[in-house]
Structures are given as structure tokens and as C-alpha cells.
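These notes are about the structure you will find just below.
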Amino acid sequence: MKPISIIIPTHNNENTIVDTIESVQKQTSRSWNCILVDDHSSDRTIANIKSRIVNDERFQLVENPVNRGANFCRNIGLKLCKDDLLLFLDGDDILYPNCIETRSSFLKGRMDLDMLVSQTTYFKHDINNVIEVFRNSESDNNKEKLIVSFLKHQIIWTTTAVTWNKNFLVRIQGWNEDYPRLQDVELNIRALMESPVIAFTGRADSYLRKSEFTQAKRVAAFWGFTNLISSFYGKLMASTDDEKTLNDYGEAFQHLIQTIVKYYFLDENNYNEEMKAYFLKTVHMILDESSYEQIFEALSLLSAD
């Protein structure tokens, strides 16, 4: 059974990181290694990590001297990882006790896979307070439909749900460090564009903790959604001649624009002229002149107020 590396980026997770580490230590399978990369935490995250992993050689801790972002941390873990298989676990999320065992059993004899996808349980405060399960199955295995779902932010799978073939992840150049938010959405779209070999376990084996969608996160999402349009509109619309797929992609990007405008109106005082100009320049690629002018006028009037 090949070991799976678990990569955990952390930043100011003092209240949750012990639960996260304990969920790794309590795995029914011992076929794993864990790399923790702390992004210059200012609380007791480092102290809490060290107290839990002392004398446990399966753990490796890296401490960034400055804050560089979660994707920088994930890419450090990717570079340090010596195993062929890996998964990413955020510093406030939790693995089922049988997560590694379940995934290893599905991966046995399947080194042709680029991605193994599991389901995730979404919870609030504690794992007994379940909100929903992010479900997926082999019936979802259609590249174009999956891309449309991610563009619309209809989450089919979470960051922790994927077990990656390291060679595939390295080939697509890992995580994009320019994304402050929607990092997994960007990675999954970019991965799907490479037509990866994917299988689904059909089982939930990790927990995602619900966090407050703060004003700062909405502003970061504004950037992230705009970046998605800038990064993928031209590539996706040029990737196929199929009329239905083109229409589906077009509708998804229109949906993205509506979402971005909604965030703008919620937090207009937090967007500077550079951010607004970047958004307008980006959506000009997609919208006809009439629709573009309506948005331009709305944002200009809002700024004038």
C-alpha cells in the first residue's frame, strides 16, 4: 500500500489545529506522512502544533519567515512531498478516521489515476452539527459539466476531497499563488482542462468546517472571481467547437459577472479604482456594448456617490 502525504497549510489556527492534527494521528491506516507549513502565524498555532507532534517522526513542520498565503504553503508541501500520492487538508478541517484507508483501497492498482475524488461532510462548530454533504459520483465525470459547475461556484468537491497523483499536479504547476481566494476552484478548472483520469469513491471521508463569510473574504472573492474570468474565458471559449458547450461556458461566465457585481454592491466602499478598473476591463471581453455600458454606468454612479 503506497503511503499518502497529507499537506496542511496553517495560519492563525490555534483554536482548530489540534483537532486537525489529531484526526490525522487517529487514522486507521498508518500509511501516511504529514507536512505542516505554517504561514507566519501570530498566535499559538506553532506552539500547539509542536505540542501535538513531538516525537512523531511522521510529521514535518515548516515555518515561513513571512506571510505568503495558503497556496505558497501548499506548493512548499508539494515540493517537499516524497510520496506519489498526496492530499491537502486545511488547518481547520478534519479527516474521518478511515480516510486514508478508504482512499488507499480505491487506489490499489490504479496508479493511472490523476485524481481520486471523495465526498465531504460540511459542518458547523462540531462534527455532529452537519449542514450537508458535498456529494459526487462517477455520473459527474464529464469534464465540461464539471468546469461549468466550478465556474458557477457549485462545489462538486472540496480541497480535501481530492487525492492527487503528484506527477500530474507537478505537471500542471501546482497551486496558483496569485489567488487569495477560490484557490481550489482555479486549480480544479485548470486540472480538468487537461482531461485527467478521475475516479470517485462515492463516500464521505473528510469534514469541512463552516466559517464566517466576512467582508474581507467577499473582497478577496471579488478578486478571485474576476481572475477566473481573466484566466479562463479565452482559453475555454477557444477549446471547443461544440455549440452547446460554448453556450454553457458563456452562461457560466455571465453568472460569474452577476456574482461579482453583487459583491461590489455589498461592499462598494472597500473597492478602489484599480479593482473596479480591473473588473470592467475583464468583463469587457464578454459582454456586448449595451450590457457593458449598463454595468459601467452603475459602478461609475456608485463611485460618484
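Spot the failing condition for THR259; the list is (1) within 19 Å of GLN183 (Cβ to Cβ); (2) open to solvent by 50 Å² or more (accessible area, probe 1.4 Å); (3) touching a residue at least 60 places away in the same chain (Cβ under 8 Å); (4) not aliphatic (A, V, I, L, M), and only one is missed.
Checking THR259 against (1) within 19 Å of GLN183 (Cβ to Cβ); (2) open to solvent by 50 Å² or more (accessible area, probe 1.4 Å); (3) touching a residue at least 60 places away in the same chain (Cβ under 8 Å); (4) not aliphatic (A, V, I, L, M), the one that fails is (2).
Within the stretch 193-221, can you find the residues that are closer than 18 Å to LEU87 by Cβ, outside any loop (DSSP other than H, G, I, E, B) and not hydroxyl-bearing (Ser, Thr, Tyr)?
ILE198, ALA199, PHE200, GLY202, ARG203, ALA204, ASP205, LEU208, ARG209
Has the stretch 159-172 got at least one residue that is out of contact with any Phe, Trp or Tyr (no Cβ under 9 Å at 6 or more places or on another chain) and among the aromatic types (Phe, Trp, Tyr)?
Yes; the residues of the stretch 159-172 include at least one that is out of contact with any Phe, Trp or Tyr (no Cβ under 9 Å at 6 or more places or on another chain) and among the aromatic types (Phe, Trp, Tyr).
So, of the residues in the stretch 104-129 that are farther than 15 Å from TRP164 by Cα, in contact (Cβ under 8 Å) with a residue 40 or more places away in the chain and of a type in the set (S, T, N, Q), which turns out to be surrounded by the fewest Cβ atoms within 10 Å (Cβ to Cβ)?
THR121
Could you tell me whether LEU87 is of a type outside the set (Asp, Glu), touching a residue at least 40 places away in the same chain (Cβ under 8 Å), touching a Ser or Thr at 6+ places or on another chain (Cβ under 8 Å) and closer than 24 Å to SER5 by Cα? Working first, answer last.
Details: of a type outside the set (Asp, Glu): yes; touching a residue at least 40 places away in the same chain (Cβ under 8 Å): yes; touching a Ser or Thr at 6+ places or on another chain (Cβ under 8 Å): yes; closer than 24 Å to SER5 by Cα: yes.
Yes; evaluated as a whole, the condition is true for this residue.
Take the residues of the stretch 111-123 that are assigned to a loop (DSSP other than H, G, I, E, B) and modelled with pLDDT of 90 or more: which is nearest to the chain's Cα centre (by Cα)?
ASP114
Just checking, does the stretch 169-181 include any residue being within 14 Å of the chain's Cα centre (by Cα), buried (at least 17 other Cβ atoms within 10 Å of the Cβ) and assigned to a helix (DSSP H, G or I)?
yes
Quick one: which residue in SER230, SER211 is within 30 Å of GLU22 (Cβ to Cβ), out of contact with any strand residue (DSSP E or B) (no Cβ under 7 Å at 6 or more places or on another chain) and touching a residue at least 24 places away in the same chain (Cβ under 8 Å)? Steps first, please.
Details: SER230 fails: within 30 Å of GLU22 (Cβ to Cβ).
Answer to the check: SER211.
If you check every pair at least six apart or on different chains, which have Cβ atoms under 8 Å apart with a residue in the stretch 158-181 that is free of Cβ contacts under 8 Å to residues at least 40 places away in the same chain first and a residue that is open to solvent by 10 Å² or more (accessible area, probe 1.4 Å) second?
If the second residue must be open to solvent by 10 Å² or more (accessible area, probe 1.4 Å), the pairs left are ARG171/GLU194; ILE172/ARG190; ILE172/GLU194.
Of all residues in the stretch 130-159, count the ones that are surrounded by fewer than 12 Cβ atoms within 10 Å (Cβ to Cβ), of a type in the set (Asp, Glu) and under 14 Å from THR201 (Cα atoms).
Residues meeting the conditions: 1.
Inside the stretch 14-33, can you point out the residues that are of a type in the set (A, V, I, L, M, F, W, C) and surrounded by fewer than 20 Cβ atoms within 10 Å (Cβ to Cβ)? Break it down stepwise before answering.
The first filter runs over the stretch 14-33 and keeps only residues of a type in the set (A, V, I, L, M, F, W, C), leaving 17-18, 21, 24, 32.
Once the filter is applied, which keeps residues that are of a type in the set (A, V, I, L, M, F, W, C) and surrounded by fewer than 20 Cβ atoms within 10 Å (Cβ to Cβ), the stretch 14-33 yields only VAL18.
Checking THR240 against (1) part of a loop (DSSP other than H, G, I, E, B); (2) within 16 Å of the chain's Cα centre (by Cα); (3) surrounded by fewer than 21 Cβ atoms within 10 Å (Cβ to Cβ), which test does it fail?
(2)
The values are calculated or read from the model by the stated rules, or taken from the named source; none is laboratory data. It should be emphasised that the depicted structure is a prediction, and the values quoted were computed from it without experimental measurement. Counting neighbours? That spans all protein chains shown, and the Cβs are built from the backbone with ideal geometry, glycine included. Ligands, DNA and RNA are stripped out before the accessible areas are found, and what is left, the full protein with its side chains, is counted by its heavy atoms. Shrake-Rupley method; radii C 1.70, N 1.55, O 1.52, S 1.80 Å.
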